[in-house]
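The values are calculated or read from the model by the stated rules, or taken from the named source; none is laboratory data. If you're wondering where the values come from, they're calculated on a predicted model, not measured in any experiment. For neighbour counting, all protein chains shown are included, and Cβ atoms are generated from backbone atoms with ideal geometry for every residue, glycine included.
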Amino acid sequence: MTSGTTAISARPDTAGRRPASTAAILVLACAAQFMVILDVSIVNVALPDMRSALHLGSAGQQWIVNAYTLGFAGLLLLGGRAADLVGAKRVFLGGLAAFTFASLAGGLATGGAWLIAARAVQGVGGAVLAPATLTLIMTTFTEPRARTRAMGAWSAVMAAGGATGAALGGVLTQYAGWRWVFFVNVPLGVVLLAVAALHVPAADAGRGGLRRLDLLGALSVTAGLTALIYGIISTETHSWGSPAVWAALAGGVLLLAAFVAVEAKVAEPLVPLGVLRRRTLATANLVMIFMGAAMFAMWFLLSLHMQQVLGFGALSAGLCFLPGSLSVIVGAQLATRLVPRTGPRPLIVTGMLLAAVGFGWLSRISADGSYATQVLAPLVLCTLGTGLAMMPVTVAATAGAQRAEAGLASGLVNTSRQVGGALGLALLGTVASRTAAAHGGPLPQALAAGYGRALLFAGAFAACSALGALLLPGRGERQEG
């Protein structure tokens, strides 16, 4: 990352800023985003050790993951808007401090409730921090080519964080203990806080930024998304016809309807409804929902297949994802070089079609196969395609956004990714479990059949993402309309 960072030039927004500070801001934004995305997946391979050490039941083990997801997805929009109104520096520092403190608390946990609460605060800190990282990039790199390169680096780091979480979690769990999947964030967070205080300029926040935040809108959309995601996640332990599931989903829909009503009436809404009528922004978020649904499920399903069917340990399974991590980075770097010439649409379509082919290939996994013959090549194809598409989706989502709306646009696209991921995990997990239950054969063969069927559905989501991208304006067309 160092060489790529120093090659980027930018026009500073604040007079008198040292030229070198733009590189420092890019490194800060990328490192903070890496921490946030990493924590979505890093705990997965450590869950059995946590369960044993803290005497958790199966429900408690699930909530170690779910508490982070709910806190993160539910507050992303508020975090994005806060970066616009209060100032990216204040929001960045506040989110990073909360995330770092919660990581320390998680590593020191002596009981399940303590750890789950720490994970929830981590999610809240991540929700505040993640959109602020993209806002810093958009307000620092104003020259189009420099901004594209910076966003390419940010997207590559974001993708690598999600892809390497399992591998790093396996290494830390085996050689240092499960607490280090949390402690690893603490020294990095402290360093980033110090560097940010020195190098990030004070933002030009409007007067009364805190008072101007649409708190009623934030409450309704956060509660609505939380209820909706909770309903989806609860299908892991309840049937889709369960009253508890339907109550959560219906409550989420009603709260989101209330959010729309609030936004239509308040003077300074959290999400001005007019932005949702922008073709590019709306389409890019739809594409991101399908992309998140496919890719979140892929990491989860393949991890289970390698451990439960192929018999790999947590460390071995985590390391097997490294080729996918490298492939994501390669795809993101290719996109960085190509998007100024092609525009986002061709890269998103091409990338997600490659991913769809890879998913179709992965759907042929079996208990008699191996990682080398059935997983490696299609995994690389899926991740290469996703890396090729991810940065252009972010470019499309933020195209035409005013500086004051940078945090809103990034919050929307990040929310779409997380909500799509939660929905995909719930739906495809159900497909996998029901297919395995109906198989009737030995357990490894039944599990492989379930995972294969779910991965085929993931391919359908990737294809839907490619089709949705055709609605984006092409190069030379108007970006909004």
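Observations, loosely collected:
- Among the residues making up segment 254-288, those that are within 18 Å of VAL419 (Cβ to Cβ), under 22 Å from the mean Cα position of the chain (by Cα) and modelled with pLDDT of 80 or more are LEU256, LEU281, ALA282, THR283, ALA284, ASN285, LEU286, VAL287, MET288.
- Scanning segment 165-183 for residues that are surrounded by 24 or more Cβ atoms within 10 Å (Cβ to Cβ) and either without any contact (Cβ under 8 Å) to a residue 24 or more places away in the chain or of a type in the set (Val, Ile, Thr) (or both) returns THR173, VAL181.
- Any chance GLY251 is under 28 Å from LEU467 (Cβ atoms) and over 18 Å from the mean Cα position of the chain (by Cα): no
- Looking only at segment 247-260, residues that are touching a Ser or Thr at 6+ places or on another chain (Cβ under 9 Å) and more than 11 Å from VAL221 (Cα to Cα) come to 1 in all.
- In the set (1) in contact with a Ser or Thr (Cβ under 8 Å, 6 or more places away or on another chain); (2) surrounded by 20 or more Cβ atoms within 10 Å (Cβ to Cβ); (3) touching a residue at least 40 places away in the same chain (Cβ under 8 Å), the condition left unmet by THR430 is number (2).
- Out of GLY421, GLY441, GLY429, sole residue that is outside any helix (DSSP H, G or I) and small (Gly, Ala, Ser): GLY441
- Selection status of ALA248, crowded, with 19+ Cβ neighbours inside 10 Å, free of Cβ contacts under 8 Å to residues at least 24 places away in the same chain and among the hydrophobic types (A, V, I, L, M, F, W, C): yes
- Test: residue in segment 17-24 that is modelled with pLDDT under 75, in contact with a Pro (Cβ under 7 Å, 6 or more places away or on another chain) and not assigned by TED's automatic domain parsing to the domain that holds PHE296: yes
- Some residue of segment 114-132 being farther than 30 Å from PHE321 by Cα and at pLDDT below 90: no
- Taken together, the residues in segment 455-471 that are touching a helix residue (DSSP H, G or I) at 6+ places or on another chain (Cβ under 6 Å) and either closer than 10 Å to ILE348 by Cβ or without any contact (Cβ under 8 Å) to a residue 12 or more places away in the chain (or both) amount to 4.
- Of the criteria (1) at pLDDT 80 or above; (2) surrounded by fewer than 24 Cβ atoms within 10 Å (Cβ to Cβ), which one ARG417 fails: (2)
- Of all residues in segment 258-285, those being of a type in the set (A, V, I, L, M), assigned to a helix (DSSP H, G or I) and either within 30 Å of LEU470 (Cβ to Cβ) or outside the structural domain of LEU225 (by TED's automatic domain parsing) (or both) number 7.
- In segment 264-285, residue farthest from LEU216 (Cα to Cα) [restricted to those that are surrounded by fewer than 20 Cβ atoms within 10 Å (Cβ to Cβ) and hydrophobic (A, V, I, L, M, F, W, C)]: ALA282
- Tally of residues being farther than 18 Å from ASN285 by Cα and more than 21 Å from the chain's Cα centre (by Cα) across segment 344-357: 1
- Apart from one condition, ALA97 fits all of (1) aliphatic (A, V, I, L, M); (2) in contact with a helix residue (DSSP H, G or I) (Cβ under 6 Å, 6 or more places away or on another chain); (3) part of a helix (DSSP H, G or I); the exception is (2).
- Criterion: touching a residue at least 12 places away in the same chain (Cβ under 8 Å) and out of contact with any strand residue (DSSP E or B) (no Cβ under 6 Å at 6 or more places or on another chain) - qualifying residue of ALA372, ALA282, ALA293: ALA293
- Members of segment 218-245 found to be closer than 17 Å to VAL419 by Cβ and surrounded by fewer than 17 Cβ atoms within 10 Å (Cβ to Cβ), listed by number: GLU236
- Complete set of residues in segment 222-253 that are aromatic (Phe, Trp, Tyr), out of contact with any Leu (no Cβ under 9 Å at 6 or more places or on another chain) and in a helix (DSSP H, G or I): TRP246
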